[in-house]
Amino acid sequence: MSTDIERLAEEIARRLHQVPVAVDLWGVAEVARYLKVSERQVRERYALRPDFPPAIRLGGRGPLRWRAIEVIRWAERQFPYSLRDGRRRAQSSRAASSSTEGA
């Protein structure tokens, strides 16, 4: 039982000390988790796209990092609907085109 309490305490401490997303740097694992894809897809597919945010290597060496806010903004541009309200942007344009077709 103390192990569960210790894990819970560690998780609470981790969440309390999170870096704000506006300044956070994400590694491959965090980007993969956010995009709901594998780490391999991040490295071999997304990171190579010319429209994907540029990676950062601290000190010119080490693992790849991305500015979290840039990855989030990039992802929002990829979806055909607004992530904020869940409504499809395409629906409003389809409704407008169908109303003009009947006229």
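Decide, for region 36-75, between rounded, prolate and oblate: order the square roots of the alpha carbon gyration tensor eigenvalues as a ≥ b ≥ c, take rounded if a/c falls under 1.5, and otherwise choose prolate if a/b is larger than b/c, else oblate. In terms of gyration-tensor shape, oblate. Distance between the modelled labels on residue 55 and residue 36, one decimal in nanometres: 2.5 nm (7 Å Cα→Cβ projection).
Every number in this text was worked out from the coordinates using simple rules, so none of it is lab data. Note that the structure is a prediction, hence the values are computed from the model and not measured. Heads up, the Cβs are rebuilt from the backbone with ideal geometry, glycines too, and the neighbour counts pull from every protein chain shown.
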